[in-house]
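Colleague: I'd like to ask some things about the structure below.
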Amino acid sequence: MRIIRYKTASQPPTYGWVHENRVGSIEGNVFREFRRIDATIPIEQVELLPPVQPSKIICVGRNYAAHAREHGADVPALPLLFFKPPSSLLAPNQPIHLPPQSKQVEHEGELVVVIGKTGRWIKPEDAADHIFGYTIGNDITARDLQRTDGQWTRSKGFDTFCPIGPWIETEFDPADAILSCHLNGQMRQMASTRDMVFSIPHLIAFTSSVMTLEPGDILMTGTPAGVSPLSSGDLVEVTIEGIGNLSNPVIADSS
């Protein structure tokens with residue numbers, strides 16, 4: 001099932017579901033008990049929002065060996081975790097803003113895990129019980145600031161630096177799906193999710209040994225090789241087979 005958050009001219013933000021390019025609302029708690037209303041609204045008539053409102057955006061660095069190599073970095077012995085602030089979330093089709101502080105902003109297409117059940121010290125074999133579904137993310141990064149700062153908060157944390165969507169796919173199989181990223185129609189990244197250094201069950205187990213995972217939290221699982229700079233006027237598209245396509249234009253920050 002495809003779960004979205006959306007709004008219309010007459011309806012405030014709400015959860016919904018998509019069936020054959022039509023949208024129906026959801027009543028109740030999407031992470032517990034809910035009821036689907038018939039999907040009758042053409043999806044073109046709604047504004048898609050980030051499909052979840054996480055309390056935490058947990059990210060994994062260098063989880064594809066080729067991406068680590070392209071930056072001259074070692075593959076970590078343990079998952080390398082960092083955060084993006086919830087204020088960095090961006091909806092599908094909305095513009096990524098290039099901040100004036102950076103001269104080198106890059107895309108990083110990623111598979112994103114959406115947590116559905118509270119957990120701490122989750123065993124790898126129990127990780128699937130805590131997954132609500134999967135979506136697509138783009139870990140936008142100010143690469144020059146990442147290098148100069150020595151830690152990643154500023155380079156990863158600007159507003160609009162975390163596009164996710166277009167929906168959460170609850171029936172996705174992450175074992176061997178192709179992830180690709182196109183910039184202005186030209187392929188920049190392509191890899192299989194099987195190329196991850198640390199598997200999703202491993203990542204959930206490791207992360208939950210540090211912090212409690214809550215429903216709606218998202219875990220961005222790392223990006224493959226091929227990241228490249230963004231310029232104002234670009235269109236960046238991340239596609240994962242079995243989920244869909246996340247598309248965002250790029251503009252210069254007016255400030």
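Colleague: Of the residues that sit in the range 64-105 and are modelled with pLDDT under 95 and of a type in the set (A, V, I, L, M), which one is farthest from Tyr15 (Cα to Cα)?
Modeller: Across the range 64-105, the extreme among qualifying residues is Ala73.
Colleague: Another one. Could you check, for the range 152-169, whether at least one of its residues is crowded, with 24+ Cβ neighbours inside 10 Å, hydroxyl-bearing (Ser, Thr, Tyr) and either over 19 Å from Arg2 (Cβ atoms) or not assigned by TED's automatic domain parsing to the domain that holds Arg32 (or both)?
Modeller: yes
Colleague: Can you report the number of residues in the range 111-146 which are of a type in the set (Asp, Glu) and in contact with a Cys (Cβ under 8 Å, 6 or more places away or on another chain)?
Modeller: Residues flagged as of a type in the set (Asp, Glu) and in contact with a Cys (Cβ under 8 Å, 6 or more places away or on another chain) within the range 111-146 amount to 1.
Colleague: Among the residues in the range 223-232, are any surrounded by fewer than 19 Cβ atoms within 10 Å (Cβ to Cβ) and in a strand (DSSP E or B)?
Modeller: Yes: one or more hits.
Colleague: Answer yes or no: is there a residue in the range 206-215 that is surrounded by fewer than 23 Cβ atoms within 10 Å (Cβ to Cβ), of a type in the set (A, V, I, L, M, F, W, C), farther than 18 Å from Val112 by Cα and in contact with a strand residue (DSSP E or B) (Cβ under 6 Å, 6 or more places away or on another chain).
Modeller: no
Colleague: Shifting gears a bit: For the range 48-67, enumerate the residues that are surrounded by fewer than 22 Cβ atoms within 10 Å (Cβ to Cβ) and either among the hydroxyl-bearing types (Ser, Thr, Tyr) or without any contact (Cβ under 8 Å) to a residue 40 or more places away in the chain (or both).
Modeller: Ser55
Colleague: Kindly indicate whether Phe172 is aromatic (Phe, Trp, Tyr), over 20 Å from Pro92 (Cα atoms) and not assigned by TED's automatic domain parsing to the domain that holds Phe31.
Modeller: no
Colleague: Restricting to the range 174-199, count the residues that are part of a loop (DSSP other than H, G, I, E, B) and either among the acidic types (Asp, Glu) or buried (at least 16 other Cβ atoms within 10 Å of the Cβ) (or both).
Modeller: Step one: filter the range 174-199 for residues part of a loop (DSSP other than H, G, I, E, B), giving 174-177, 184-185, 197-199.
Pick out the ones that are also either among the acidic types (Asp, Glu) or buried (at least 16 other Cβ atoms within 10 Å of the Cβ) (or both) and you get 174, 176-177, 197-199.
Of the residues in the range 174-199, 6 are part of a loop (DSSP other than H, G, I, E, B) and either among the acidic types (Asp, Glu) or buried (at least 16 other Cβ atoms within 10 Å of the Cβ) (or both).
Colleague: Taking interchain pairs and intrachain pairs at least six residues apart, which have beta carbon atoms under 9 angstrom, with the first residue in the range 122-136 and touching a residue at least 60 places away in the same chain (Cβ under 8 Å) and small (Gly, Ala, Ser) and the second assigned to a helix (DSSP H, G or I) and crowded, with 20+ Cβ neighbours inside 10 Å?
Modeller: These pairs meet every condition: Ala127/Ile200; Ala127/Leu203; Ala127/Ile204; Ala127/Ala205; Ala127/Ser208; Ala128/Ile200; Ala128/Ile204.
Colleague: Report yes if Leu203 is outside any strand (DSSP E or B), of a type in the set (A, V, I, L, M) and in contact with a helix residue (DSSP H, G or I) (Cβ under 6 Å, 6 or more places away or on another chain), otherwise no.
Modeller: No, not satisfied.
Colleague: Could you tell me whether the range 87-100 includes any residue that is touching a Leu at 6+ places or on another chain (Cβ under 8 Å) and in a strand (DSSP E or B)?
Modeller: Checking the range 87-100: at least one residue is touching a Leu at 6+ places or on another chain (Cβ under 8 Å) and in a strand (DSSP E or B).
Colleague: When only residues in the range 242-255 that are within 14 Å of His182 (Cα to Cα) and surrounded by fewer than 21 Cβ atoms within 10 Å (Cβ to Cβ) count, which is farthest from the chain's Cα centre (by Cα)?
Modeller: If we take residues in the range 242-255 being within 14 Å of His182 (Cα to Cα) and surrounded by fewer than 21 Cβ atoms within 10 Å (Cβ to Cβ), then Pro249 is farthest from the chain's Cα centre (by Cα).
The values are calculated or read from the model by the stated rules, or taken from the named source; none is laboratory data. Small disclaimer: the values here were computed from a predicted structure and weren't measured. When we count neighbours, we look across all protein chains shown, and the Cβ atoms used for this are built from the backbone with ideal geometry, even at glycine.
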